[in-house]
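Some notes on the structure that comes next.
The values are calculated or read from the model by the stated rules, or taken from the named source; none is laboratory data. Just so it is clear, the structure is predicted and the values come from calculations on it, not from any experiment. Virtual Cβ from ideal backbone geometry, glycine too; neighbours counted across all protein chains shown.
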Amino acid sequence: MNLKRYLEAKRAYYMGTPIMDDSEFDRLEAKLKSDGILEKVVGFNDDDRNAKFPHPSKMLSLAKYQASADGSLPTESATKWMKKLSVSEFEATPKFDGNAINIVYRNGKLSSILSRGNGTAGRDYTDKLEMIVPHEISTVIDIIEIRGEVVMPTEIFLNKYAQYKNERNFVAGILNRDEDVSNITKEFVFMAVEIRCQNKSREMGYLPIDTLLGWGFNKLIPLYILKFSSDEFENVYRKMVSYRINDCPVRLDGFVIKTPENTRKEIGENSHDPNWAVAIKFPPEDAITEVIDIQWNFGKTGEMVPVAIMNPTFLDGTTVRRAAVHNLGWVQKNGCYPGATVTIAKKGDIIPQIIKVNIPSEFPYTIPTNCPHCTEKLHLDETHLQCKNDACSGKLYKNFQIGFARLGIDGASGAIAKKLWNAGFKTPFDILDSELFTKDNLIKSGEFKKGKTLDNLYSGVKGITEISLAKIILFFGIDDLGGSTAKEIAKAYAGIDYSYHGLQKSIVNMFSPGSETFSKLDDIIIKLNENNVKIVYPSAPKMGIKFELTGSPKTFGFKTKADFIKYAEDKGYIHAKLNESKILICDNKNGNSSKIKKAKAKGMTIIDYSEI
């Protein structure tokens, strides 16, 4: 019974919803160890290796400025970004080309090691990586998050694992294996680059980067840090390039510029990335090779998109055989036919792309004339080669693929989409129809068999209990209908303020009341409701006075800031960022916090928690 309770507590702890306090958990663990029942473990082994565990705070990506392939630096963009922050000093640290990891300590003890995942929750890698990080750190802070990258030193990789594509892919593959890989992960290195902290009331802050060394981090490879002002960007760039070439024992793909830790909370974050940091990407590596063929991919709009097949070439850690070639007009203008010598690079460090034709080809290449799916004659203009048949099976399937992906079913791959298409499902609405989407129908189609794949797909679809109106509109698969247009059409349908300014009139008119598409949308919404799928309609903007908080509301009768925010919003107030707010609510109007200083400078109204 004690062991069962211990395991339940451990699971709840890692999921961020503890069912017992730390002292009770420690006593229970000590009892089980003394009885010889429990071996010491740090991580929690979930039965599902794809299970996601929540980060105490979001792991956002970074905004990026890329140096050009010709070596031109993003000086103007980077300098403009720094100067708008009104910060006198910045720090630069290497951007390691590894796997992003978040290490969570609770009351100084290692709690979990999580992958970035979707930024909100990630996989638990504690068992695989606990041997390369400290198990305890000296702190009185409730929650510490140490973020960085797991990397493989290049020398070790080349000596032992050079048969794999590159260090980053190798590390990712090892971390996702089910078997014991401790003989390999002990050679990994965790490079820590950021410390976040939270107290019991979940108020977040940042600790100085030099704290890491005292806790035992970055001892094998000291973290290279440069302090500089906004006018010294190019000098810092040169130093980072030199460090990458001459001194760094692991792969780098750029460096990160950050403001000092004591400024970050005030500067804040947006939904995509922190406002206090930006990544500077080095120029993409390039290589020269020869085109041996042109293949044609079929896009969702029916465009035939050329892809160059090339002599295999090693580029930035991988062997490249295919590269994107823009469009037919670019191929013809640059003579990028079989026999051409070209320079290739990786767009965004991922997708190989031809950036220059060095020696054009005069090969007498014949372009396709008929659609490979419906055999209709292709339309040719100066730039594009396209199938104009709206009933083309290729276009319909591409739109089905995209719609299926938008359903967001975990583990549902493109291969599953193809099976569903072959089984007779032609739109995402078919999948959400409980009369059509049954296990019996899937098995009868001959595309699926009883087993885990079918069970996971079925449970994933049945787990869709709500869907936004804008996404439903996107499911129609109409050419040139994007997310922004779908959102405005959804607002119009919901009867709230909308704007069609700058949107394509022909698409907007398709959804005008009384149109065939509008009637079809009505029918689909009714059908989804019958299948117990809730439609999430866009809501009108909140009206009320916007406010921001500082200090603790506990002495005013509220356990947490979240409790107070709910209380205030029930009274018609709106919680917002400081620069959007009319009032600042605090626990001491005579305080000297940065928010109070800024509010006073802006002439904002400052009140305490008792005044709402």
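Computed quantities for the displayed model
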{"item": "Close pairs (9 angstrom Cβ cut-off, 6 or more residues apart or separate chains): touching a residue at least 24 places away in the same chain (Cβ under 8 Å) in region 520-536, among the acidic types (Asp, Glu) and surrounded by 12 or more Cβ atoms within 10 Å (Cβ to Cβ) anywhere", "result": "LYS527/ASP433; LEU528/ASP433; ASN531/ASP433"}
{"item": "Matching residues in region 265-320 - criterion: being in a strand (DSSP E or B), in contact with a Gly (Cβ under 9 Å, 6 or more places away or on another chain) and under 30 Å from ILE478 (Cβ atoms)", "result": "PHE298, VAL305"}
{"item": "Filter pass, TYR537 being out of contact with any Pro (no Cβ under 9 Å at 6 or more places or on another chain), at pLDDT 90 or above and not acidic (Asp, Glu)", "result": "yes"}
{"item": "Residue in region 53-95 that is nearest to the chain's Cα centre (by Cα), counting only those that are among the aliphatic types (A, V, I, L, M) and part of a helix (DSSP H, G or I)", "result": "ALA78"}
{"item": "Selection from region 35-79 of residues that are modelled with pLDDT of 75 or more and polar (S, T, N, Q)", "result": "SER57, SER61, GLN66, SER68, SER72, THR75, SER77, THR79"}
{"item": "Odd one out for TRP276 among (1) surrounded by 18 or more Cβ atoms within 10 Å (Cβ to Cβ); (2) assigned by TED's automatic domain parsing to the domain that holds CYS374; (3) aromatic (Phe, Trp, Tyr)", "result": "(2)"}
{"item": "Conditions (1) touching a strand residue (DSSP E or B) at 6+ places or on another chain (Cβ under 8 Å); (2) assigned to a helix (DSSP H, G or I): number failed by SER610", "result": "(1)"}
{"item": "Residue within region 109-129 that is part of a helix (DSSP H, G or I) and acidic (Asp, Glu) present", "result": "yes"}
{"item": "Of all residues making up region 166-186, the number that are outside any helix (DSSP H, G or I) and exposed (fewer than 15 other Cβ atoms within 10 Å of the Cβ)", "result": "5"}
{"item": "Residue satisfying all of: in region 433-489; among the basic types (Lys, Arg) and free of Cβ contacts under 8 Å to residues at least 24 places away in the same chain; nearest to CYS392 (Cα to Cα) among these", "result": "LYS444"}
{"item": "Region 130-163 - residue that is small (Gly, Ala, Ser) and not in a strand (DSSP E or B) and, of those, farthest from HIS55 (Cα to Cα)", "result": "ALA162"}
{"item": "Number of the exception - HIS384 against (1) in contact with a strand residue (DSSP E or B) (Cβ under 6 Å, 6 or more places away or on another chain); (2) more than 30 Å from ILE309 (Cα to Cα); (3) surrounded by 15 or more Cβ atoms within 10 Å (Cβ to Cβ); (4) not aliphatic (A, V, I, L, M)", "result": "(2)"}
{"item": "Candidates ASN358, ASN370, ASN327, filtered to the one that is closer than 24 Å to TYR397 by Cα, in contact with a strand residue (DSSP E or B) (Cβ under 8 Å, 6 or more places away or on another chain) and loosely packed, with under 15 Cβ neighbours inside 10 Å", "result": "ASN370"}
{"item": "Hey, ASN358 outside the structural domain of ASN166 (by TED's automatic domain parsing) and in a helix (DSSP H, G or I) or not", "result": "no"}
{"item": "Residues of region 105-138 satisfying the condition of being in contact with a Leu (Cβ under 9 Å, 6 or more places away or on another chain) and hydroxyl-bearing (Ser, Thr, Tyr)", "result": "SER115, TYR125, THR126"}
{"item": "Qualifying residue in region 294-311 (condition: more than 25 Å from ASP70 (Cβ to Cβ), of a type in the set (S, T, N, Q) and outside the structural domain of PRO364 (by TED's automatic domain parsing))", "result": "no"}
{"item": "Qualifying positions in region 198-240 - hydroxyl-bearing (Ser, Thr, Tyr), touching a Leu at 6+ places or on another chain (Cβ under 9 Å) and modelled with pLDDT under 95", "result": "SER230"}
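Residues are listed down the side, and each one gets a yes or a no for (1) modelled with pLDDT under 90; (2) under 30 Å from PHE255 (Cα atoms); (3) over 21 Å from the mean Cα position of the chain (by Cα):
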{"site": "ALA277", "(1), (2), (3)": "no, yes, no"}
{"site": "ILE288", "(1), (2), (3)": "no, yes, yes"}
{"site": "GLN295", "(1), (2), (3)": "no, no, yes"}
{"site": "LYS300", "(1), (2), (3)": "yes, no, yes"}
{"site": "ASN311", "(1), (2), (3)": "no, no, yes"}
{"site": "PHE314", "(1), (2), (3)": "yes, yes, yes"}
